[in-house]
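The values are calculated or read from the model by the stated rules, or taken from the named source; none is laboratory data. The model shown is predicted, which means the values in this text are computed figures rather than measured ones. We place every Cβ from the backbone using ideal geometry, glycine too, and count neighbours over all the protein chains shown. These area figures cover heavy atoms from the full protein model, side chains too; ligands, DNA and RNA do not enter into them. Shrake-Rupley method; radii C 1.70, N 1.55, O 1.52, S 1.80 Å.
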Amino acid sequence: KAGVTQTPRYLIKTRGQQVTLSCSPISGHRSVSWYQQTPGQGLQFLFEYFSETQRNKGNFPGRFSGRQFSNSRSEMNVSTLELGDSALYLCASSSGQTTSMNTEAFFGQGTRLTVV
Amino acid sequence: KQEVTQIPAALSVPEGENLVLNCSFTDSAIYNLQWFRQDPGKGLTSLLLIQSSQREQTSGRLNASLDKSSGRSTLYIAASQPGDSATYLCAVRQRAGGTSYGKLTFGQGTILTVHP
């Protein structure tokens, strides 16, 4: 069974640009969550999508947005990039059913974003 | 607000030692707790998932325990090997109502180095 796939693996962007990251969850999983990992802040929750709806959102500015498609693939967009957005962006896949929240989260390899 | 703390922040041991990593959380209303391993620059690999109703889980040389009432979990690694060197992260999935579905709250991690 294929794991969680994130593309691209590496990105270099300049300040002010925008970027789109992609995440394909494990087949059958309907929940995709996004996290930002930095040396100073650790892993911070960005948002979660379930069945094409944003179900939960962390404390990030509106420049960070996402969406989920009918096949459960998700994209995350960051507009007007700042130097501080440089981080490893990870997505996690799980079944997401509210009646079975005791399910395991599986992570992708991440996208390393560098803003220069 | 859920807070997760991991102790120690770093640990260096000789090969063959048994070791214990600690994780504590402030809100016991959780669905589950998950231990992950992260190699430098890579994504998270799930090691063990403990449901809120369970006391422990075992996989190979790894054993994780959970004491939900006291807000503590430990990860026990037996007969450590240099290949175990990585950052170990614990994360809890909050049980609180509506807005917390899918969100994992992470500790800052324990950096483990096992030297030959």
Quick one: net charge around A:Ala87, please, counting Lys, Arg +1 and Asp, Glu -1 for every other residue with C-beta under 15 Å from its C-beta.
+4
To the nearest µm²/s, what D does Stokes-Einstein give for the protein assembly as shown at 10 °C and 1.306 mPa s, using the Kirkwood radius over alpha carbon pairs as Rh?
88 µm²/s
Along each principal axis of its Cα atoms, how long is segment A:16-74 end to end? Whole angstroms, biggest number first, please.
34, 24, 17
Over chain B, with neighbouring protein chains present, the accessible area per residue in Å² at probe 1.4 Å is 45 Å²
Considering every residue in B:43-50, what mean count of other chain Cβ atoms within 10 Å of its Cβ is obtained?
5
For an R0 of 35 angstrom, estimate the FRET efficiency from the Cβ-Cβ distance between A:Thr38 and A:Glu104 and round to the nearest 0.05.
0.90
Just the accessible area for A:Thr14, please: 1.4 Å probe, Å², rounded to the nearest 10?
70 Å²
Calculate the radius of gyration of the Cα atoms of chain B to one decimal place, then report Dmax, the largest Cα-Cα distance, as a whole number, both in Å.
13.9, 48
Net length gained if the chain between B:Arg95 and B:Gln54 were fully extended (0.36 nm per residue, minus Cα distance):
13.2 nm
Could you order B:Arg61, B:Arg93, A:Arg55 so the one with the most accessible surface comes first? Probe is 1.4 Å.
B:Arg61, A:Arg55, B:Arg93
Please express the shape of segment A:40-116 as an equivalent ellipsoid: the semi-axes are the square roots of 5 times the eigenvalues of the C-alpha gyration tensor, given largest first in whole angstrom.
24, 14, 12
Relative contact order as a percentage, chain B, C-alpha pairs under 8 Å and 6+ apart, gives 37 percent
Using only the Cα atoms of segment B:47-92, build the gyration tensor, take square roots of its eigenvalues as a ≥ b ≥ c, and label the shape rounded, prolate or oblate: rounded if a/c is under 1.5, else prolate if a/b is larger than b/c, else oblate.
prolate
Give A:Lys57/B:Lys68; A:Lys57/B:Lys1; B:Lys1/B:Lys42 a once-over and call out the pairs whose C-alpha atoms are over 20 Å from each other.
A:Lys57/B:Lys68; B:Lys1/B:Lys42
